[in-house]
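Visitor: The following block contains the structure, expressed as structure tokens.
The values are calculated or read from the model by the stated rules, or taken from the named source; none is laboratory data. Computed from a predicted structure; not experimentally measured. Here the Cβ positions follow ideal geometry from the backbone for every residue, glycine too, while neighbour counts run over all protein chains shown. Just the protein is used for accessible areas: all its heavy atoms, side chains included, with ligands, DNA and RNA removed. Shrake-Rupley method; radii C 1.70, N 1.55, O 1.52, S 1.80 Å.
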Amino acid sequence: MITAGSGRWRSAGGWLARWVWHCQIWLAAWLVLGMLAWASDHSIVIVAGVLCLGFLPGIAGAVWVGSGPVSFERWMAGPWRRYRWRRLITRRWEAICRDARLAERRMIIRRNLHGDRLTVESWRYPRLQRVQASGHAVELGIRARSGQTVAELEAGVERIASILDAVTVRSWPVSWSMIMVELIMADVLTIPVVAAMPDRQLVDRVRLGRCQSGRDWWLPITGRHTLCVGCSGSGKGSILWGICGGLAPAVHADTVRLWGVDLKAGVELAMGRSLFSAFARTPDEARQLLAGLAGILRERGELMAGTVRQHQPRPGDPLHVLVIDELAALTAYAPADARRDVERLLALILTQGRALGVVVVAFVQDPRKEVVGMRGLFTQTIALRLRSPEETIMVLGDGMAARGPAHRISPTGPGTGWLVEDTGQVDRVRADYWPDPLIRQVAHHYPTRVLSDLRSAEPEAAGSRADEPRLRQPRQSRQRRAV
Ligand SMILES: Nc1ncnc2c1ncn2[C@@H]1O[C@H](COP(=O)(O)OP(=O)(O)OP(=O)(O)O)[C@@H](O)[C@H]1O
């Protein structure tokens, strides 16, 4: 049986073998020194001492890899790798530009000391203004040479990535003469990571996982309606629980209230039931729940009118987050009468909710307009694994099939997705995995203090005005009392 310990020592052995291969000259020099020591003294102790000194860095490194791989990566391997990337790029910049067809060759005529005309070759290169490495990414600031456009620079970016053997690359112009290029040198997203127990009260944004650069992936929550699209098994659950779990401490403090709609018999959301102030499992319940939120919108609107333009969540006056698992079950497959009301209420929340502190987070497998008619009302979208380039365009926007190819995500990487950042940049991300016991543990630790009674909101569903649903303290279950 392979244990974590034996795996570590195997990778330490692999590291030592690579070190010996890379340091052949160093080791050969120490062997020669050992032989010289033997020839001059014939003392086995001195020879062993010389050889030990030569091998010491490798042996120390292998022991470090085996006993503390994380600290080795942080203090040794990571900084060393980043130093090598920076050195390689700065030293070979001119050759890289020539190979990437970004340099310009000119033949200039000069006269030598005797006055003879000579034709001399001269190269002009874009200037490498900045090289910065962090995590597994290298960021380059490249200034165009005279007469070169940023479009021409961007045309060479993929060639630079291929020359440097990068995993992916993206670029964006920062002025008419300069672009930034981010090269991802190693694919850290292939390794799944399990989420950790949240301990900080977060409302504005939650940490869902990692970006392809290795940095944390933070998803903005306040002021955004989020649509996450991915086919079956693409890992929508990780995003869902990343959001609900990340907000859980704020839920417990009543700075955030979660409202759950799960028409797939409540199977997904029931796992963390005690995080939700209200929970709908049938189209009728969903209609009541949405009516409740519409009531909150109206009340808040009246209170905020002429005073503030953006709701600031605080305990007792929380951010309301409507979480809908499988939106299609609500908007496409529910009975016609319920669907009509639901679509009207959802459109109301999506158009008015952001400033009033009511946001929607919805999940769906099929992004077609017939299924999600209100796709355009969501203000941020995440594309997990999709079935076709057309679906990628539907989710991320025109021209995104090439820049954020969600249809090419491997089925072996659930939780991996593409998104468009506020800057217009496309990024690949992977959510941390939320196993069932962790979801239960988070729900147990951070239950909501407020439950909403859906029935009080019923009149709005029928088209009339209704008040905010009556709030009541949750009946203390034996389990909750123990918390
Ligand atoms: N972030 C992740 N890292 C690693 N594995 C994951 C991750 N997210 C999900 N998985 C694995 O992928 C499987 C499918 O994930 P999940 O149930 O979340 O998909 P889904 O998109 O919700 O599918 P469906 O729409 O059919 O419910 C999970 O059982 C889990 O084993």
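Visitor: Pairs under 6 Å by beta carbon, first residue open to solvent by 40 Å² or more (accessible area, probe 1.4 Å) in region 373-398, partner of a type outside the set (A, V, I, L, M), six or more apart or different chains?
Guide: Short answer, once both residue conditions are applied: T379/R224; T379/H225; R385/G230; R385/C231; R385/S234; R387/C231; P389/H407; M394/P367.
Visitor: Can I ask one more? Out of region 115-133, which residues are over 30 Å from V174 (Cα atoms) and either open to solvent by 60 Å² or more (accessible area, probe 1.4 Å) or basic (K, R) (or both)?
Guide: Within region 115-133, D116, R117, L118, T119, E121 qualify.
Visitor: Right, here's the next one. Looking at the structure I just gave you, is P447 part of a loop (DSSP other than H, G, I, E, B) and within 16 Å of the ligand (Cβ to nearest atom)? Please lay out each step first, then the result.
Guide: Details: part of a loop (DSSP other than H, G, I, E, B): yes; within 16 Å of the ligand (Cβ to nearest atom): no.
No.
Here is a yes/no grid of residues against (1) closer than 13 Å to T222 by Cβ; (2) buried (at least 24 other Cβ atoms within 10 Å of the Cβ); (3) under 32 Å from the mean Cα position of the chain (by Cα):
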{"site": "G301", "(1), (2), (3)": "no, no, no"}
{"site": "P315", "(1), (2), (3)": "no, no, yes"}
{"site": "L327", "(1), (2), (3)": "no, yes, yes"}
{"site": "L330", "(1), (2), (3)": "no, yes, yes"}
{"site": "D337", "(1), (2), (3)": "no, no, no"}
{"site": "R340", "(1), (2), (3)": "no, no, no"}
{"site": "E343", "(1), (2), (3)": "no, no, yes"}
{"site": "L348", "(1), (2), (3)": "no, no, yes"}
{"site": "V358", "(1), (2), (3)": "yes, yes, yes"}
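Visitor: State yes or no: is L56 free of Cβ contacts under 8 Å to residues at least 40 places away in the same chain, in a loop (DSSP other than H, G, I, E, B) and surrounded by fewer than 12 Cβ atoms within 10 Å (Cβ to Cβ)?
Guide: no
Visitor: Among A305, A291, which is open to solvent by 50 Å² or more (accessible area, probe 1.4 Å), among the hydrophobic types (A, V, I, L, M, F, W, C) and over 25 Å from I439 (Cα atoms)?
Guide: Only one candidate passes the filter, namely A305.
Visitor: Mind listing just one residue for me: the one in region 411-421 that is surrounded by fewer than 22 Cβ atoms within 10 Å (Cβ to Cβ) and in contact (Cβ under 8 Å) with a residue 24 or more places away in the chain and, of those, nearest to the ligand (Cβ to nearest atom)?
Guide: P414
Visitor: Related question: In this structure, does A329 turn out to be touching a Pro at 6+ places or on another chain (Cβ under 7 Å) and either assigned by TED's automatic domain parsing to the domain that holds V429 or farther than 30 Å from L189 by Cα (or both)?
Guide: Criteria not met by A329.
Visitor: Continuing with the same structure: Can you list the strands (runs of 3 or more DSSP E) lying wholly within region 191-246 that have 1 or more residues being without any contact (Cβ under 8 Å) to a residue 12 or more places away in the chain and more than 9 Å from the ligand (Cβ to nearest atom)?
Guide: Those strands (runs of 3 or more DSSP E) span 216-220.
Visitor: Go through the residues of region 264-273 one by one and say whether even a single one is more than 17 Å from the chain's Cα centre (by Cα), in contact (Cβ under 8 Å) with a residue 40 or more places away in the chain and assigned to a loop (DSSP other than H, G, I, E, B).
Guide: The answer is yes, given that some residue of region 264-273 is more than 17 Å from the chain's Cα centre (by Cα), in contact (Cβ under 8 Å) with a residue 40 or more places away in the chain and assigned to a loop (DSSP other than H, G, I, E, B).
Visitor: If you scan region 174-190, which residues turn out to be within 18 Å of V426 (Cα to Cα), away from the ligand (no atom under 16 Å from the Cβ) and open to solvent by less than 70 Å² (accessible area, probe 1.4 Å)?
Guide: Once the filter is applied, which keeps residues that are within 18 Å of V426 (Cα to Cα), away from the ligand (no atom under 16 Å from the Cβ) and open to solvent by less than 70 Å² (accessible area, probe 1.4 Å), region 174-190 yields I179, M180, V181, E182, L183, I184, M185, A186.
Visitor: Do we have any residue at all in region 7-14 that's open to solvent by 70 Å² or more (accessible area, probe 1.4 Å), of a type in the set (S, T, Y), assigned to a helix (DSSP H, G or I) and farther than 30 Å from V181 by Cβ?
Guide: Checking region 7-14: not a single residue is open to solvent by 70 Å² or more (accessible area, probe 1.4 Å), of a type in the set (S, T, Y), assigned to a helix (DSSP H, G or I) and farther than 30 Å from V181 by Cβ.
Visitor: Same structure, new question: When region 422-435 is examined, which residues are found to be within 9 Å of the ligand (Cβ to nearest atom) and over 18 Å from F363 (Cα atoms)?
Guide: Hit for region 422-435 is P435, nothing else.
Visitor: Another question, then. Got a number for residues in region 12-51 being closer than 25 Å to G66 by Cβ, of a type outside the set (A, V, I, L, M) and out of contact with any helix residue (DSSP H, G or I) (no Cβ under 6 Å at 6 or more places or on another chain)?
Guide: Final tally of qualifying residues: 9.
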